[in-house]
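What follows is one structure encoded as structure tokens, with my remarks underneath.
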Amino acid sequence: MRWAAAFLGAVIAFAAPVHAQIEVDVVGGISAPMPIAIPVMPTPAQAGTPAGDTGSLGARVAEVITNDLRNSGLFRPLAESALRPVTFPQVTAPDFAGWGTTGAQALVQGFVQANGDGTLTVGCYLYDVFARSELTRQGFVVRPADWRRAAHKCSDTVYTRLSGEGPYFDSQIVYVSETGPKQHRTKRLAIMDQDGANHRFITNGQSIVLTPRFAPNQQTLVFMSFENDRPRVYVYDVGSGRKRLVVDQPNMTFAPRFSPDGRYIVFSMAVNGNTDIYRVPASGGGATRLTSSPGIDTAASYSPDGSKIVFESDRSGGQQLYVMNADGSNQQRISFGGGRYATPVWSPRGDLIAFTRIGGGFAVGIMSPDGSGEKILTNGWQDEGPSWSPNGRVIMFFRTAQGSGKADLWSVDLTGVNERRVPTPLDGSDPAWGPLRP
Amino acid sequence: MANTTAKLLLTAALIATAACSKKKPAELPPPPPQETTAPEPAPEGQTGEVGTTVLPGSRADFVQQAGSDTVHFATDSHDVDAEAQAILAKQAEWLQRYPNVAVTVEGHADERGTREYNLALGERRANAAKDFLVNNGVAASRISVISYGKERPVAIGSDEAAWAQNRRAVTVVPIGG
């Protein structure tokens, strides 16, 4: 993929650091969403591209940014009818007086320009309307086909500047697309952008596929497939479509996860009714056994520094969460609340572990890695399988309906207030959020 | 006349059983009539429909003779209870009678568990059933296991009755086996 992100050197100078006049609170959950204006981006010269003309792209880029920021729960984008037209010269000289009457605190402006080499430049400017000051600007050069990525990068620029949190909009989801009767669901791997766009299927549905995960390089997936009635973990190269068994042996392997540096895969293997956690080099080779309790040890997830692994085990009688060193030593239980705890996932920021709690129902929650500060974020009939956004501030999970068994994808932020359905063409389960794209 | 009616009913039951047996995973067929003897071959020279019959050593025969190909489990348990033991003992008897048949024991879980744990739980259940068969004289090499976790329920409800049916291990005799 050809992709270049750069400040627009001569055309657009670096914005001088400005004291944040405005900011949004990601975890507090008390403040109301910030009113923000994201008008249609003008073009310096109307030009055709394979993705449409630059004028229409300006409208579509603004729409993508609007949806991103709204879905974050931190912003309240102005309705289209409240927006004002922006001319190209106004992009760097906003009509602050005019925007001041709309109630918007922040203003996102930009432009879409076709370059001579077939690329597009998307300019992205963030203004504080009341302080009448520029907060940041950034330009992105993309192939026309990647115009949505430029829009997501602009959303990330705005989000990062105003929240102080890391970016996450320019990222992908791999998940299991589901259709068909409850007794015989057809399941296919699919990849899409974080907002549901650019959806494509990876497998054809002939075999049950489960629990995909991205490698840090985003070019490799691990997942479980029932191909040839042998449920096993496969390592899959997205570019070539080639796949291989993670380990070739007669037992069921499942619950695969990459280490943060991509060098290892942890997975579970069931042998004669006993499931333990193993580690294998991602490039292939022999597996190392990390747990050996007589019980089900599964759902291993590395800490972001790779030094520890959180996993679930029913060694105490029911599923609970444990943390161990990456070599399997020093296994300590961390969950002690009511009910059972499953599918732990270490946040990419390291500060939290997301999990499924099984009490009366199935809910997604978070706790500190030492087990303190438990907070339940969702409440459905069956919410399960959390996955972290690249910045560790949003969780995607799947919700299964009572009766029909239909599942779909949802996201929720750390406040638990901003819960949204993630659009998919069919039903969806087992979402895994990929890393931020470069 | 009464005898003919009984024969016809029996044939219908056998056809139903045979049709049922083609489903995978197999569902419980209607119990065979116990007091009737095996069907006699249709008299020579009669025309009409081609009937089906249960062939010895077949999947339908296994289900008929063992009473069921399925045993059930309590929530989050892989204990083989008395009812399951009785069924598995009959399955083991049958398997000893047909030593050339290799079977697959499928382990399943209900929907009220997380996906990966349920895969492990299904594997546990399949192995519990396998272990019982092995302890009752069936060579371990004749039994393979597979877990479907919660991926292949037979009962589609979201209630205790449905979940009880779905927590199961199914001994699958190959079609034509």
Across all Cα atoms of the protein assembly as shown, Rg and the largest Cα-Cα distance (Dmax), in Å, are 29.4, 103
If the chain between A:PHE130 and A:ARG200 were fully extended at 0.36 nm per residue, the gain over the current Cα-Cα distance would be 20.9 nm
With a ≥ b ≥ c from the Cα gyration tensor eigenvalues, square-rooted, and the rule rounded for a/c under 1.5, otherwise prolate when a/b > b/c and oblate otherwise, the stretch A:72-202 is prolate
Exposure-ranked with fewest Cβ neighbours within 10 Å first, B:HIS108, B:HIS78 stand as B:HIS78, B:HIS108
Averaged over residues of A:229-236, the number of beta carbons from other chains lying within 10 Å of each residue's Cβ is 2
Taking a label point 7 Å from the Cα of A:THR288 along Cα-to-Cβ, the residues of the stretch A:230-266 whose backbone nitrogen sits under 19 Å from it are A:246-248, A:256-266
Ranked from fewest to most other Cβ atoms within 10 Å of their own Cβ, A:ASP248, A:ASP430, B:ASP110 fall in the order A:ASP248, B:ASP110, A:ASP430
As a percent rounded to 5, the proportion of antiparallel DSSP bridges among beta bridges in chain A is 95
Between A:GLN46 and A:VAL417, the FRET efficiency computed from the C-beta separation at R0 = 45 Å comes out, to the nearest 0.05, as 0.60
Percent antiparallel among DSSP beta bridges confined to the stretch B:59-172, rounded to 5, stands at 55
Listing A:LEU321, A:LEU245, A:LEU290 by rising number of other beta-carbon atoms within 10 angstrom, fewest first, gives A:LEU245, A:LEU290, A:LEU321
Looking only at aspartates and glutamates whose Cα falls under 19 Å of B:LYS130's and that sit 8 or more positions away or on another chain, we get A:ASP229, B:ASP69, B:ASP76, B:ASP79, B:ASP81, B:GLU83, B:GLU93, B:GLU106
For the stretch A:130-199 the mean separation of alpha carbon contacts under 8 Å (6+ apart) over residue count, i.e. relative contact order in percent, is 20
Largest-first semi-axes in Å of the equivalent ellipsoid built from the Cα gyration tensor of the stretch A:189-327 are 25, 18, 15
proj_area_mean for the stretch B:59-172 (convex hull on C-alpha atoms), units nm², value 6.4
For the stretch A:63-146, shape from the Cα gyration tensor axes a ≥ b ≥ c, cut at a/c of 1.5 then a/b versus b/c, turns out prolate
If R0 = 25 Å, then A:HIS184 and A:TRP381, at their Cβ-Cβ distance, give a FRET efficiency to the nearest 0.05 of 0.75
So the angle from the long Cα axis of helix A:54-71 to the longest Cα principal axis of chain A, reported in degrees to the nearest 10, equals 50
Excluding residues fewer than 8 positions from A:LYS406 in its own chain, the aspartates and glutamates with Cα under 16 Å of it are A:GLU178, A:ASP383, A:GLU384, A:ASP427, A:ASP430, B:ASP110, B:GLU111, B:GLU151, B:ASP159
For the pair B:ARG142 and B:ALA164, the simple spin-label estimate (label points 7 Å beyond Cα toward Cβ) gives in nm 3.2
Rounded to the nearest 10 degrees, the helix A:147-163 long axis (Cα) sits at an angle to the longest Cα principal axis of chain A of 90
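Each reported figure results from applying straightforward, stated rules to the coordinates on display, with no laboratory input. These numbers come from a predicted model, not from an experiment. Every residue, glycine among them, receives a Cβ derived from its backbone with ideal geometry; neighbour counts consider all protein chains shown.
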